[in-house]
Amino acid sequence: MKKVFTLLTLALLSIGSAWADDETVTATINSECGYATFCSDKALDFSAVEGLTAYIVTSTAFVAQLKKVTKVPAGTGLVLEGDEEATYPKTYEIPVIATADAIEGNLLKAAMTETTAGEGDYVLAYKSNVRAFFPAEEDLTIPAGKAYLHIDSGAPAFLPFDAETTGISATLKNSEKANKEIFNLAGQRVSQPTKGLYIVGGRKVVVK
């Protein structure tokens with residue numbers, strides 16, 4: 001009888017493990033820019049989620065330096081990038097895993113509960129065709145499940161993503177078609193860029 005009970009217990013545990021392996025959490029990207037911040041109280045695996053890429057932020061010197069990650073522990077602040085061809089809002093199912101190795105150097109702060117933004121806090125927004133981290137409005141409530149940046153000193157007008165560095169000519173033609181504005185790193189609009197580094201549509205662009 002004891003042996004039968006033990007076998008039954010093992011079987012139930014096996015079924016429970018299978019259910020745990022199938023558990024997922026959802027993440028929704030609402031913005032037409034195709035990006036959102038995110039955090040979860042569970043460890044997650046993004047490696048097999050079609051059309052969704054997860055990043056941490058490793059630097060805030062002039063731009064938000066993005067680094068791709070796949071398996072992340074619970075409580076990790078992330079930037080999520082959706083499929084360029086998708087129609088938004090779009091919801092993705094992300095598999096839950098038992099554990100994941102700690103991630104070093106992530107500057108994103110996870111809002112595990114509703115968080116009131118303070119001085120130096122930056123939130124992801126889409127303004128004037130620019131996707132970037134902008135200074136949070138005073139006493140802004142950051143919803144639970146999102147992430148934000150905090151910059152102690154030298155706060156810029158906005159902090160775009162360091163998604164790629166390209167030549168300016170093709171990018172400028174595309175920006176004219178999409179009515180995208182051009183900014184310098186001080187956040188000032190520029191109509192005639194000369195040699196240097198600029199932000200076009202949330203991307204870092206070099207004029208050569």
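Just so it is clear, none of the values below were taken in a lab; they were calculated from the coordinates. Quick caveat, the model's predicted, so the values are computed rather than measured. Note: ideal-geometry Cβ built from the backbone for every residue, glycine included; neighbour counts use all protein chains shown.
A few comments on the model shown:
- If R0 is taken as 22 Å, the Cβ-Cβ distance between Asp152 and Asn184 corresponds to a FRET efficiency of 0.45.
- Around the amide H of Val25, modelled in the peptide plane, lie the amide H atoms of Ile94, Val96, all under 5 Å away and 5 or more residues distant in sequence or on another chain.
- Listed residue pairs exceeding 20 Å between alpha carbons, taken from Lys42/Lys146; Lys90/Lys146; Lys71/Lys127; Lys67/Lys90; Lys67/Lys127: Lys71/Lys127; Lys67/Lys90; Lys67/Lys127
- When each of the peptides 104-110, 188-194, 143-149 is scored by how many other beta carbons lie within 10 Å of its residues on average, the order from highest to lowest is 143-149, 104-110, 188-194.
- Segment Glu138-Ser59, length gained on full extension (0.36 nm per residue, minus Cα span): 26.0 nm
- The protection proxy used here, the mean number of other Cβ atoms lying within 10 Å of each residue, ranks peptides 45-53, 62-70 as follows, highest first: 62-70, 45-53.
- Take the Cα of Ala98, step 7 Å toward its Cβ, do the same at Asn30, and the gap between the two points is 3.7 nm.
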